[in-house]
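Structure, as structure tokens:
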Amino acid sequence: MALIRMDHVPDTVKMCIPLNIILPDPKRMNGVPVRERKVLYLLHGLSDDGSAWQRYSSIETLAKDYGLVVVMPSVGRSFYIDQPNGIDYFSYLVDELPRYLDDVFHLAPRREDTFIAGLSMGGYGAMKAALLHPERYSVAATFSGLLSLNHLQQYPDDPRKPEFEFLFGDLGKLPGSEHDPEVWLRRAAESKVHPPDLYISCGRQDDLYPLSKLFYASCQKLGFTSYYHEEEGKHDWYFWDSEIKRILSLVLGPLEK
């Protein structure tokens with residue numbers, strides 16, 4: 001495997017940020033070049049960066065066994081949005097980053113070979129990217145995702161409130177806004193492009209557990225192809241490591257023992 005960390009300055013972000021990539025070993029490519037490999041965009045949570053999946057999960061071993069390219073961007077605590085200060089992390093994720101990967105690595109996978117997944121804040125970002133740009137991804141997965149921003153209003157004394165207000169504006173106006181996952185679902189349902197398959201999971205002991213159930217119910221109501229999984233688990237890497245194995249087995253098939 002090739003483990004690459006690149007520091008680059010995207011036009012959309014206007015500062016140097018790290019980008020972590022896992023590339024298959026040429027001996028395991030079986031004649032399928034990098035430009036034709038399946039690609040997984042894997043998104044981090046609020047307190048992590050693009051290195052977290054490599055440090056805390058089995059993704060490197062899984063990528064090796066599946067011959068999968070894994071792209072792990074770093075977006076700080078941005079919630080994968082285009083921020084009011086002109087730092088456009090969402091545009092980076094869905095527009096500039098794919099172009100950059102094509103320019104540098106000739107990575108230009110077909111839609112059916114492009115997947116996106118994330119945990120917590122990254123689950124929010126994965127659903128946003130997949131639902132607002134359904135032409136780019138065939139599968140999107142959220143693990144313990146923050147799938148309703150109403151959750152942010154339930155803790156008025158949260159010391160992070162000023163941070164969230166900077167990103168989203170008036171938290172009381174989030175329902176029905178461009179930041180609302182329910183709005184993304186409706187837009188995707190109305191799109192002429194068939195939406196990606198959606199995978200939603202959360203541990204039962206996670207504070208965000210009710211949000212995953214509500215989001216899945218909305219997916220079913222709108223007729224999305226969606227899968228839901230819950231089990232005993234908290235908001236931690238034990239659960240997320242189990243889930244990345246589960247979704248890759250579902251999408252790419254089980255690995256041979």
(message) If I model a spin label as a point 7 Å beyond the Cα along the Cα-Cβ vector, how far apart are those points for Glu60 and Asp103 in nm?
(response) 2.9 nm
(message) Name the residue from Ala189, Leu208, Gly253 whose Cα lies farthest towards the positive end of the charge dipole of the chain, charges +1 on Cβ of Lys and Arg and -1 on Cβ of Asp and Glu.
(response) Gly253
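Just check the stretch 109-172 against the gyration tensor rule for me: Cα atoms, a ≥ b ≥ c as the square roots of the eigenvalues, rounded for a/c under 1.5, and otherwise prolate or oblate depending on whether a/b exceeds b/c. List each step's numbers first, then the result.
Values: a/c = 3.49, a/b = 2.58, b/c = 1.35.
The shape class here is prolate.
Please give me, ordered by residue number, the GluC sites (Glu not before Pro) of the stretch 86-163 that lie in loop per DSSP and have at most 16 other Cβ atoms within 10 Å. Mind showing how you got there, number by number?
Working: sites: Glu96, Glu112, Glu135, Glu163; in loops: Glu135.
Taking the stretch 86-163 and a limit of 16 other Cβ atoms within 10 Å, the loop GluC sites (Glu not before Pro) found are Glu135.
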(request) Out of all DSSP beta bridges with both ends in the stretch 2-250, state the antiparallel percent to the nearest 5. (result) 35 percent
(request) Specify whether the C-alpha gyration tensor of the stretch 28-98 places it in the rounded, prolate or oblate class, a ≥ b ≥ c being the square roots of the eigenvalues: rounded for a/c under 1.5, otherwise prolate if a/b is larger than b/c and oblate if not. (result) oblate
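Can you give the FRET efficiency for Glu135 and Leu46, using 1/(1 + (r/R0)^6), R0 = 25 Å, r = Cβ-Cβ distance, to the nearest 0.05? Could you put the intermediate results ahead of the total?
Working: r = 28 Å, r/R0 = 1.12.
Result of the calculation: an efficiency of 0.35.
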(request) Identify all lysines with a Cα-Cα distance to Lys161 below 27 Å; exclude those on the same chain that are fewer than 8 residues away in sequence. (result) Lys14, Lys128, Lys173, Lys213, Lys234
(request) Please report Lys192, Lys221 as a ranked list, fewest other C-beta atoms within 10 angstrom at the top and most at the bottom. (result) Lys192, Lys221
(request) Please say if the stretch 171-257 is rounded, prolate or oblate, where rounded means a/c under 1.5 for a ≥ b ≥ c the square roots of the C-alpha gyration tensor eigenvalues, and otherwise the choice is prolate for a/b larger than b/c and oblate otherwise? (result) oblate
(message) Please arrange Met15, Met121 by how many other C-beta atoms lie within 10 Å of their C-beta, fewest to most.
(response) Met15, Met121
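At 20 °C and 1.002 mPa s, grab the translational diffusion coefficient of the stretch 2-250 from Stokes-Einstein with a Kirkwood Rh over Cα pairs, rounded to a whole number in µm² per second.
Reported coefficient: 117 µm²/s.
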(message) Using the crude model of +1 on Lys and Arg Cβ and -1 on Asp and Glu Cβ, and no other charge, please compute the dipole size for the chain relative to its Cα centre, in debye to 20.
(response) 620 debye
(request) Show the residues, 5+ positions off or on another chain, whose built amide H is closer than 5 Å to the amide H of Ala141. (result) Ile116, Ala117, Gly118, Tyr199
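Looking at the stretch 50-122, which trypsin sites (Lys or Arg not before Pro) are in a loop (DSSP not H, G, I, E or B) and have at most 15 other Cβ atoms within 10 Å? The partial results should precede the final answer.
Values: sites: Arg55, Lys64, Arg77, Arg99, Arg110, Arg111; in loops: Arg77, Arg110.
Passing both the DSSP loop test and the Cβ count: Arg77, Arg110.
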(request) For a footprinting-style exposure proxy, rank Leu198, Leu23 by other Cβ within 10 Å, fewest first. (result) Leu23, Leu198
(request) Calculate, for Lys14 and Asp207, the FRET efficiency according to 1/(1 + (r/R0)^6) with r their C-beta to C-beta distance and R0 35 Å; round to the nearest 0.05. (result) 0.55
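Bear in mind that the values in this text are calculations on the coordinates, not laboratory data. Just so you know, these numbers come straight off a predicted model, no measurement behind them. Cβ sites come from the backbone with ideal geometry, for glycine too, and all protein chains shown count toward neighbours.
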